Amino acid sequence: MKQLGLLTALGLTAVATSLTPALAQQKTLYVAGYGGSFEKTIRTEVIPAFEKANDVKVEYVAGNSTDTLAKLQAQKGNQQIDVAIVDDGPMYQAIQLGFCDRVEGVPTADLYDLARFTDDRAVATGLVATGLMYNTKVFAERGWAPPTSWNDLKDPKYRKTLVIPPINNTYGLNVLVMLAKMNGGSEKNVDSAFKIFKSEINPNVLAYEPSPGKMTELFQSGQAVIAVWGTGRVQGLANTGFPVDFVYPKEGAVALLTAACPVAKPKGSPLANAFIKALLDPKVQLTMLKEYGYGPVVKSVEAPPEIVKMAPVGARAAALYTPDWAVVNEKREEWTKRWNREVER
């Protein structure tokens, strides 16, 4: 999918400096968030109404969480992004690095506790489960039962048809943590998970793919039939009519919060918090549930059963495992280097 509005850090700087400071602050709001079907939903369901209500132009900068965090680091001292939307792990890093201002004006009393971050420096806007996606048509044709376990990633019948995001992507990182937990380890000891990836999962892997668009292409071309992904992504693909379904592994699916923060800067846009508040509007929360498989984080949102297909709500949400991000983020760089050296070579 063509990512409209995608600007490099250099491009953002050029655009911002071509405007007067007042105009840049008041008339253009830069929002960095995910690409793919998430971007499409934000562009159609959130941005037009927000622009009209606030007399502002929203520039959407698409990229995965590590891309956005890298932009924040590259622009340190001269931030161009106003609102950052990333996964919970990278968001904790962004807060620790001082990139997030306090969230103001959102309905905190109506939020589930898990939606609030340290010192209200960010807020979750949706809950996603990390689990397994499979092509229902191919599985039926081959007489395969749907996968039920993280251990199914090792099944040799999936040789060169499995896709997993790398561990610099939250989905891939969640698999590493779960395999460690299932094999006597934890976030503090992931040696067993690395061994399983190297010896038992790697032969099945077609690609370690971080791009949602490329993941979709691999399934649509028939090259991939099983993957690790999130409910949001799988729901988005299923909504196109493609025959995929999501599985909550019996050992537990992993919680992934999408989170937003107003970027800290000397003259931050007052509309940054307004945009975040718009993401928490009950109508938007229901749209993200229906179109994108996000579990609502606003208590007053009632999820109609007919639109709750894959999303983590109710008992599903309560059963999710939440990684210890304090430990994970401390080890993340070390694990990524080890991954590049031992797994994805």
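The values are calculated or read from the model by the stated rules, or taken from the named source; none is laboratory data. As the structure is a prediction and not an experimental result, all values here were calculated from the model. Please note: Cβ atoms are built from the backbone with ideal geometry, for glycine as well, and neighbour counts cover all protein chains shown. In case anyone asks, the SASA skips ligands and DNA or RNA and just uses the protein heavy atoms, side chains included. Shrake-Rupley method; radii C 1.70, N 1.55, O 1.52, S 1.80 Å.
Given a 1.4 Å probe, how much area per residue of the chain is accessible, in Å²? Let's see the in-between values first.
On the way: 14880 Å² over 345 residues.
Accessible surface, normalised per residue, equals 43 Å².
How much of the accessible area of the chain, probe 1.4 Å, is carbon plus sulfur, in whole percent? Could the numbers behind the result be given before it?
On the way: 7630 of 14880 Å².
Roughly 51 percent of what the probe reaches on the chain is carbon or sulfur.
So between ALA140 and THR44, what do we pick up on full extension, going 0.36 nm a residue minus the alpha carbon distance?
Values: separation 96, 0.36 × 96 = 34.56 nm, distance 3.49 nm.
That pair, ALA140 and THR44, stretches by 31.1 nm at full extension.
Quickly estimate the mean residue ellipticity at 222 nm for the chain, helices only: each DSSP H run with n ≥ 4 gives -39500 (n - 2.57), and the total goes over all residues, rounded to 500.
Helix contribution divided over all residues of the chain: -11500 deg cm²/dmol.
Just subtract the alpha-carbon distance of LEU114 and GLN96 from 0.36 nm times their residue separation and send over the number in nm, one decimal. Display every interim value, and only then the final one.
Details: separation 18, 0.36 × 18 = 6.48 nm, distance 1.80 nm.
Gain in length upon complete extension: 4.7 nm.
Given Cα positions, please report Rg to Rh for the stretch 87-178, the hydrodynamic radius being the Kirkwood one. Let's see the in-between values first.
Working: Rg = 18.5 Å, Rh = 16.3 Å.
Radius of gyration over Kirkwood radius for the stretch 87-178 works out to 1.13.
Is the shape of the stretch 202-257 rounded, prolate or oblate, going by the alpha carbon gyration tensor and its root eigenvalues a ≥ b ≥ c, with a/c under 1.5 for rounded and a/b larger than b/c for prolate?
Details: a/c = 1.61, a/b = 1.15, b/c = 1.40.
Oblate, since a/c reaches 1.5 and b/c is not below a/b.
Nothing charged except the Cβ atoms of Lys and Arg (+1) and of Asp and Glu (-1): what's the magnitude of the dipole of the stretch 33-86 about its Cα centre? Round to the nearest 20 debye. Don't skip to the answer; put the middle values down first.
Values: 6 positive and 7 negative charges, 19 e Å.
Magnitude of the dipole: close to 100 debye.
Where the centre of each part is set by its Cα atoms, how far does the stretch 175-233 sit from the stretch 27-99, in angstrom?
27 Å
Given the options PRO282, ASN168, THR108, identify the residue whose Cα lies farthest towards the positive end of the charge dipole of the chain (+1 on Cβ of Lys, Arg; -1 on Cβ of Asp, Glu).
Of the options given, the answer is ASN168.
Would you mind getting me the FRET efficiency between GLU342 and ARG159? Use the beta-carbon distance for r and R0 = 22 Å, nearest 0.05. Working shown, then result.
Numbers: r = 20 Å, r/R0 = 0.91.
So, using R0 = 22 Å, E works out to roughly 0.65.
Of PRO203, ALA129, GLY33, which is farthest towards the positive pole of the chain's charge dipole, taken about the Cα centre with +1 and -1 on the beta-carbons of Lys, Arg and Asp, Glu respectively?
PRO203
Over 32 Å between Cα atoms, which of LYS76/LYS160; LYS76/LYS250; LYS160/LYS309; LYS76/LYS277; LYS181/LYS214; LYS137/LYS198 qualify? Kindly include the intermediate steps, with their values, before the conclusion.
Details: LYS76/LYS160 41 Å; LYS76/LYS250 43 Å; LYS160/LYS309 29 Å; LYS76/LYS277 25 Å; LYS181/LYS214 29 Å; LYS137/LYS198 29 Å.
Checking Cα-Cα distances, LYS76/LYS160; LYS76/LYS250 exceed 32 Å.
From largest to smallest, what semi-axes in whole angstrom does the stretch 232-271 give when each is the square root of 5 times an eigenvalue of its alpha carbon gyration tensor? Walk me through the intermediate numbers first.
Working: eigenvalues 249, 58, 4 Å².
Each semi-axis is the square root of five times an eigenvalue, giving 35, 17, 5 Å.
Which value, in debye to the nearest 20, gives the size of the charge dipole of the stretch 267-331 about its Cα centre, when Lys and Arg are +1 and Asp and Glu are -1 at the Cβ?
On the way: 8 positive and 6 negative charges, 29 e Å.
So the magnitude is around 140 debye.
Once you sort the root eigenvalues of the Cα gyration tensor of the stretch 221-345 as a ≥ b ≥ c, which label holds: rounded (a/c under 1.5), prolate (a/b larger than b/c) or oblate (the other case)?
Details: a/c = 1.71, a/b = 1.07, b/c = 1.60.
Oblate, since a/c reaches 1.5 and b/c is not below a/b.
How are the C-alpha pair distances of the stretch 163-301 spread across 5 Å bins, as whole percents from the shortest bin up?
Here the calculated profile for the stretch 163-301 is 2, 8, 15, 17, 17, 15, 12, 8, 5, 2, 0.
Run the simple label-point estimate for ASP281 and GLU200 please: 7 Å along Cα→C-beta, distance reported in nm.
4.8 nm
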